[in-house]
1. Per residue of segment B:301-314, what does 6.51 cos²θ - 1.76 cosθ + 1.60 with θ = phi - 60° give for ³J(HN,Hα)? Whole Hz please, x for Gly and Pro, Karplus curve as stated.
2. Explain nothing, just the number: dipole magnitude of chain D about its Cα centre with +1 on each Lys and Arg Cβ and -1 on each Asp and Glu Cβ, in debye rounded to the nearest 20.
3. Suppose a student asked you for the relative contact order of chain A, using Cα pairs under 8 Å spaced at least 6 residues apart; what percent would you report?
4. Counting Lys and Arg as +1 and Asp and Glu as -1, what is the net charge of the other residues whose Cβ lies under 12 Å from the Cβ of B:PRO32?
5. Which far-off residues, 5 or more places away or on another chain, put their amide H under 5 Å from the one on A:VAL316, with H placed in the peptide plane?
6. Using a 1.4 angstrom probe and counting only protein chains, how large is the accessible area of D:THR191 in Å², to 10?
7. Could you tell me, in Å, what Rg and Dmax come out for the Cα atoms of segment D:122-273?
8. Sticking with the crude label model, points 7 Å out along Cα→Cβ, report the distance from B:ARG166 to D:ARG54 in nm, one decimal please.
Protein chains: 4
Amino acid sequence: MSGNTFGVLFRFTTFGESHGPAIGCVIDGVPPRLALNEADIQVWLDRRRPGQSRFTTQRREPDTVRILSGVYQGQTTGTPIGLLIDNVDQRSHDYGDIAESFRPGHADYTYHHKYGIRDPRGGGRSSARETALRVAAGAVARKVLGGVSVRGALIQLGSHAIDRARWDWNEVNNNPLFCPDAVAAAQWADTLDQVRKAGSSIGAVVEVVAEGVPLGLGAPVYDKLDADTAKALMSITAVKGVEIGEGFAAAALSGEANADEMRAGPNGTVRFLSNHAGGILGGIATGQPIVARMAVKPTSSILTPRRTVDVNGNEVEIFTKGRHDPCVGIRAVPVAEAMVACVLADHLLRHRGQCGG
Amino acid sequence: MSGNTFGVLFRFTTFGESHGPAIGCVIDGVPPRLALNEADIQVWLDRRRPGQSRFTTQRREPDTVRILSGVYQGQTTGTPIGLLIDNVDQRSHDYGDIAESFRPGHADYTYHHKYGIRDPRGGGRSSARETALRVAAGAVARKVLGGVSVRGALIQLGSHAIDRARWDWNEVNNNPLFCPDAVAAAQWADTLDQVRKAGSSIGAVVEVVAEGVPLGLGAPVYDKLDADTAKALMSITAVKGVEIGEGFAAAALSGEANADEMRAGPNGTVRFLSNHAGGILGGIATGQPIVARMAVKPTSSILTPRRTVDVNGNEVEIFTKGRHDPCVGIRAVPVAEAMVACVLADHLLRHRGQCGG
Amino acid sequence: MSGNTFGVLFRFTTFGESHGPAIGCVIDGVPPRLALNEADIQVWLDRRRPGQSRFTTQRREPDTVRILSGVYQGQTTGTPIGLLIDNVDQRSHDYGDIAESFRPGHADYTYHHKYGIRDPRGGGRSSARETALRVAAGAVARKVLGGVSVRGALIQLGSHAIDRARWDWNEVNNNPLFCPDAVAAAQWADTLDQVRKAGSSIGAVVEVVAEGVPLGLGAPVYDKLDADTAKALMSITAVKGVEIGEGFAAAALSGEANADEMRAGPNGTVRFLSNHAGGILGGIATGQPIVARMAVKPTSSILTPRRTVDVNGNEVEIFTKGRHDPCVGIRAVPVAEAMVACVLADHLLRHRGQCGG
Amino acid sequence: MSGNTFGVLFRFTTFGESHGPAIGCVIDGVPPRLALNEADIQVWLDRRRPGQSRFTTQRREPDTVRILSGVYQGQTTGTPIGLLIDNVDQRSHDYGDIAESFRPGHADYTYHHKYGIRDPRGGGRSSARETALRVAAGAVARKVLGGVSVRGALIQLGSHAIDRARWDWNEVNNNPLFCPDAVAAAQWADTLDQVRKAGSSIGAVVEVVAEGVPLGLGAPVYDKLDADTAKALMSITAVKGVEIGEGFAAAALSGEANADEMRAGPNGTVRFLSNHAGGILGGIATGQPIVARMAVKPTSSILTPRRTVDVNGNEVEIFTKGRHDPCVGIRAVPVAEAMVACVLADHLLRHRGQCGG
């Protein structure tokens, strides 16, 4: 249980480093007779793929996924789905510095001391490359979820937040930053150009909204739907904070202001007058949209030299050459969506197991 | 797997509602030959116990814990530790309103629809009473952790944050609010008196700091130490946000500002010049203090009438009589500490299992 | 994960030693709105209770179960069911010999060396007393299973097997040995009297038959229905062998003889012409009766002195005073039934989770 | 949790059908810095490989394994080890009969009804091909186990058992049947020729012996070392019974005869005078050799026509063309060894996690 599996009933297990021959994923517990082919997965992988704009790493990975098992004649069979993505762009690097010294803010140092050995090529297992497999698993989770919509957006770059009044989901796919606010998107492009040219990096905030989640999904105590979501998002590389609904702003509210009042809706349903809860009460989905956010720190791989130590304990300076994202938060958008989809698919099956229907 | 167990190797399973005869906990995987008696657990339960000041619910629960198994002659035996706490103050209430109508912001509504049945007495399983067992498990986790210190504090009440320059750990136990800033503690007491008299409630932010955590604890991908911590804290009643280190503030930092530079320390160790990471890199402990925060929403049980619906879909108004905490964030402090201790104890055993010694 | 929890979705966790104040069980994942009260559980506990005939230990334990949570107004709520059984007959023993020396064939020796500490009173956690909780969990599993019948019988005592032509399920409850063959039951009573008077013990074979198990329960590879059943039965104290269907006799069959041929049954069903498979093919239930057997070794606690060593490594002799079962296989019958019921309930929920319906 | 993962700390997850492009395995939790390369795994795969004698299927699979991750410069890194084996010999078959009708004794029928869909090519996921991955995982488990020896042998073919007085471990690798008795091996070769020519099949019994297992491995109640071993072996295709030590013969013994008496050995150790227990007491290893046996039913794929039904419920006859093992028990020997090795490796890490060192 060294933590390379996610989920209980809908669960996926991944392997692979950024510079090995391939990375892969086993998705287990998928219901049988769902339509699934490689294009269903590839479309989501393509959203996350690097090298699509000047704002993400120029590493050129086609990230072409192959389904090795679990699908027969275009339908899932209920047996494990094996996925494989070859690593193509393993450019020959000089990893000397990175192999010998610890990048501040990077997992080099902790891997080295946990395991006593480390694959220094491209970050090894701690590379963001692993997140491609999360996106692939998320594509299958969406099939399990049927009509549930799970969409993400970049809502803050550095200290600049979007204007929520301008939120337009269509805009998210119109700019390379997954920004729902066209005005902010244009401003951020300038900001990112400066950051990129300076060899620096910048943080961001991502929001994911899931609509159509059935009332009742979740669990009451330790595996609360929000707790599992928090784990899912915090497990993504570079994430340092997670919120549900009002999040940290809830601390500043009164009980009156925070209450989501209810009125009778059509056909015996309930209509909420607000959604401070972000769609989850007591760990269980209310039927309102689930709203989650995560904070992504700036990439630790920057061109500016930083003080550090080498593996022998000597004081040195280090800067990171190579092709890095100036803002990893951008490509984290499809990853965050995927993780939320996986949590929901898992809880859908868990709920059906215990409560039927 | 309806989510009433927490942890992998150090794991606890709880049961019990606020108004049944008792609540209980089974702690499994505890190493043998640790000194443990009931007083070791009781001291932590007493910190969380209600009714100790005018700022927490006046329900009078002694929360006396009994060890039913797993300890022989004052030492753990390696077999499961069964704990039982009798429910004493089951005052005879009129639960008519709560049984028939859904309190806005409360789990009433979601339990009712998930299970089709609900124990309305005192919140049933969704009651904060369940958190007493987390504190008990945390007391045992501390034994497993040996020299690791895990301490929590209330750092924000409503919109008023402490002044970190005045942080004094000794002060935390000097006031009934677990506030490390004596000046803020005095101001907050006034604020809370107003909130309480108004029958309202208020949110808060809790910070937990773990010192002495061995470098290397954690796991690289889905069970990152920060991901498990996020789940642990988000699973506590009323929590809506979790941060590690800089948290959401990391989004606004540049890569240069966020990097924790390293210098050679004494005896071959490494000295970090800052701790933006909050003690965790790539999911693995750096050896620096682990710093986690959580946002607690205001109690949903308030005296002000709110609009809602009843179980038959009729529009009604509801307000909550009874003995409620004006700020559940206060008693969440020992709970948050306990959950962090449990995550660390689990990862201590997991690390030893895979990597030895 | 020191192994005190059984099951995935329908799962129970137990604690308690034979001479502590109480033993207990948490049953998690139970579907809501099942009718359940203490009498539903007590009836099964009473079947296993010691002291009901001269053929079982004379320890007098009423084994009265209390439901502490998870049931409201006679129905399960979907939250964990806490059960407690007080230990009543903790007769004051002299455990000097057992505490200082290792009984051959008993877990004394291995516990001592695994944990470096051991509760010597009455076998501690390795006592058959723990099996009462399995029976309690099995009673709840039967509620989950609805119309599925799970029945067990003693089919061999020492080297004497029943005559299957005389099998009568009604007879099982007519004699204190759970024997389905009235002739054998009478003969075995004599045999057991001799064994008991000699201070010796004897082994046995138990068979469990589950009828009405839905076609399709199970899983294909590692969690095969037969694999989980094998684990469930082998985990019972003193069990040394497990068989499904033909079991070891299958080794001597040809492929032709072992094949369960199929014919069309009424209403589109299939009629099997035999059941060599014991109701499971490829890890999945065929809809035929599931047939499992287990071999129970003779009790290791006997009056005849045996050679052993003490905790200091000195060579000594030991014999076990006290009130022991001459054949633990007898009381293992309700325990085996319960474990099969728990496996089936778990797979019922797991199947529903993945495949629906 | 549809059961494609085995183990808790040392755990492997597999995917793949017999006629897809490849099968694969992710091994998680492997300690870092163990020497490992592909040849270390290939040597065990070669033992199980089909087509090596006239007594196993003539399917020609080289079963060449590739390590895709988790190993760097010949050492494990502590991250998941991804293994891939291409399917090479996917001879173009006419699966018409098998696709439309259910082979008696085969998983066709149960898969069809569980999932409502089935990959009929070569048995799909229920094919014995999946066991190659168990052998690969077992090879890595052996690295974790260091000096522990895990060896298996065929001890019964049909109704003919070996003479244990002639047991010679060296003989096991001298004949294509893994038989430790040279005389029996010669006789069995004749028997198998007859079975093969008749288009029939025959069952067998396999014994596995693990020597050097540290005293103390295991767990006391549900995850007993013997319970986990029983599950591991019963999960292998075609296995119908499992025994530890005396197994079913223990039922016929008296307590006196079954007791393994102890004497003082050299250097403070203990010397057992017998090993009826098969090396496990109370679920925990005694330090004696662990002895487990399993019964393997005859292959259900035979040339003799058997009565069955087709997917539309019509009564038909079926016989299985193609290249099948006359006795799957032979190739089950390396699989059984591998599963025992995996159970022991898992419990080694689990013991170290809870109890240290």
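The values are calculated or read from the model by the stated rules, or taken from the named source; none is laboratory data. What you see is a predicted model; the values in this text were computed from it and never measured. Note that each Cβ is placed from the backbone with ideal geometry, even for glycine, and that neighbours are counted across all protein chains shown. When the accessible area is computed, the model is the full protein with side chains, heavy atoms only, and any ligands, DNA or RNA have been set aside. Shrake-Rupley method; radii C 1.70, N 1.55, O 1.52, S 1.80 Å.
1. 3J(HN,Hα) across segment B:301-314, in whole Hz: 7, 10, 7, 5, x, 10, 7, 7, 10, 9, 5, 9, x, 6.
2. 400 debye
3. 22 percent
4. That works out to +4.
5. The answer is A:THR308, A:VAL309, A:ASP310.
6. Taking all protein chains as shown, D:THR191 has close to 40 Å².
7. That works out to 18.3, 58 Å for Rg and Dmax.
8. For the pair B:ARG166/D:ARG54, the computed spacing is 9.4 nm.
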